[in-house]
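Below is one structure, written out as structure tokens, with a few remarks after it.
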Amino acid sequence: MCGWKKRRFFSAVVCLTILLVSVMPADGTSSRDTPAGLAEATRALYQGDYRKAESLAEGYIRLYPSSAAGLTVLARAVIAEGDYQRGLKLLAKALEIDPRNVDVLYFISQISALMAQQEFQELQRLAPNSLRVHQLLAESYRSRGDRAEAVKEYREALKLAPDSVELLVAVADLERSQFHFESAITYYSRALKINPRNYASAYGMAVSYLYLQQPNSAIPYFRLAIASDPRSAVAYFGLGDALLRTGDVKSSVAELEEAVRLQPRMRQAYSFLAQAYARLGMSSKAQEALATSEQLSHEEIKSRQRLIEDETGIPLGPR
């Protein structure tokens, strides 16, 4: 068995094992908390007697058709027998009855992941070097944070679909996230040749040029991004930043003001506005923009503090 098959087979076995023979439900309740009528079905499930577990769970559901716990045990039993579709339907029915049931949500996520993995394996078996296989692998690597491998797979996909704007932008975005700006610009340029009004390509190109300290090159692409999406606050902000760097302060102010109009809590835009107003001798407006920037910064710090406190239970200071 080749490497990728071994890895996927192993992960599928692990996933199925977690799904079927967990000693404890996902919400932390023990078998003592299982309804009495389901206890025997649950024991049969853990002992590997899936037919018996299915029969007992079905009997319980005939008596209690609205039992999410009963439907969950039955779903786990039929999944163990290989009927994934029926198991997923039973879990979906249990979720309709109890939308906040942690066990049901947990098992749905597990079986969905297993089924998706099996579908991908079948796709990989039927078309191992297809566009979609490379794209799915790239997206998988990307979701795990392995950007270098994701780029490799996207490039393989591009060999099969060189005019795909979606793939070109995906590679460009990844290259930009790794500070490979020249490479990103190459891919964004290719995408723009195919679709000259593609917002993601125009904006990505502009940001790449800005990081390369080339604001004059960035400006036309920020304008193109705004033409493609006039509601993009970040594009107005980027254009204002680029204009400020070139010394066109008055024009910069107009773009930054539009950015905060569209997104009133854009702290950095207020900070840049304070600089621009000061350079234009508008001290009162500069102080006002700076005060707004500082207030938003303070609120962001407090918000992060609350999140940390909620997650850890450790107070970090006065509110």
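The values are calculated or read from the model by the stated rules, or taken from the named source; none is laboratory data. None of the values given here were measured: they were computed from a predicted structure. Note: ideal-geometry Cβ built from the backbone for every residue, glycine included; neighbour counts use all protein chains shown.
Could you go through segment 7-16 and let me know if any residue there is farther than 30 Å from Ser140 by Cβ, surrounded by 12 or more Cβ atoms within 10 Å (Cβ to Cβ) and either modelled with pLDDT of 50 or more or within 30 Å of the chain's Cα centre (by Cα) (or both).
no
Regarding segment 190-204, can at least one residue be identified that is assigned by TED's automatic domain parsing to the domain that holds Ala161, surrounded by fewer than 20 Cβ atoms within 10 Å (Cβ to Cβ) and hydroxyl-bearing (Ser, Thr, Tyr)?
yes
Among the helices (runs of 4 or more DSSP H) lying completely within segment 211-268, list those that include at least 3 residues that are surrounded by 21 or more Cβ atoms within 10 Å (Cβ to Cβ) and in contact with an Asp or Glu (Cβ under 8 Å, 6 or more places away or on another chain).
233-246
State whether the residues of segment 273-283 include one that is in a helix (DSSP H, G or I), free of Cβ contacts under 8 Å to residues at least 12 places away in the same chain and more than 20 Å from Leu210 (Cα to Cα).
Scanning segment 273-283, I find at least one residue that is in a helix (DSSP H, G or I), free of Cβ contacts under 8 Å to residues at least 12 places away in the same chain and more than 20 Å from Leu210 (Cα to Cα), so the answer is yes.
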